[in-house]
Amino acid sequence: KPVANVPLITGSASDDRNISKVEYSIDGGSNWYGARISRSSDLKTAYFSFTPPIKEDGNYNVIVRASDIALNSANSQEYLLIFDRIPPKIGGSIITSGPQIIHSNASGVISLPAHSRDRKST
């Protein structure tokens, strides 16, 4: 579902060696940002969290990557984050009576006098 506020994303990564870093991408893996991590007491699990730096409405392909001390790394599956904070606007029509543009009131109602029509002079 689309979200209107950028979410805090959390998770965990495990390995038989110490997880040295967790990074995330919001563009399908082209650019990577560091996530905040804390480690379990045996150092085999890292708990991560991040809030993506998203400012514009759009679809973002989120991937998380974890690396251990031997520089082995693995990526999560790709998730689609839909950021949509601006509601759609409906419009694009203009109503006219002859050369005059007819505007609606604050409630969106259009009023015209009864029997309004173009008159031709004879």
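The values are calculated or read from the model by the stated rules, or taken from the named source; none is laboratory data. Just so you know, these numbers come straight off a predicted model, no measurement behind them. Only protein heavy atoms, including side chains, enter the accessible area calculation; ligands, DNA and RNA are left aside. Shrake-Rupley method; radii C 1.70, N 1.55, O 1.52, S 1.80 Å.
So here's what we get for this one:
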{"quantity": "Thr96 vs. criteria of a type in the set (Ser, Thr, Tyr), under 30 Å from Asp15 (Cα atoms) and at pLDDT below 95", "calculated": "no"}
{"quantity": "Strands (runs of 3 or more DSSP E) wholly inside the stretch 1-106 that include at least 1 residues being open to solvent by 30 Å² or more (accessible area, probe 1.4 Å), at negative phi and of a type in the set (Ser, Thr, Tyr)", "calculated": "9-14, 19-25, 36-39, 45-50, 58-68, 73-75, 79-83, 95-97"}
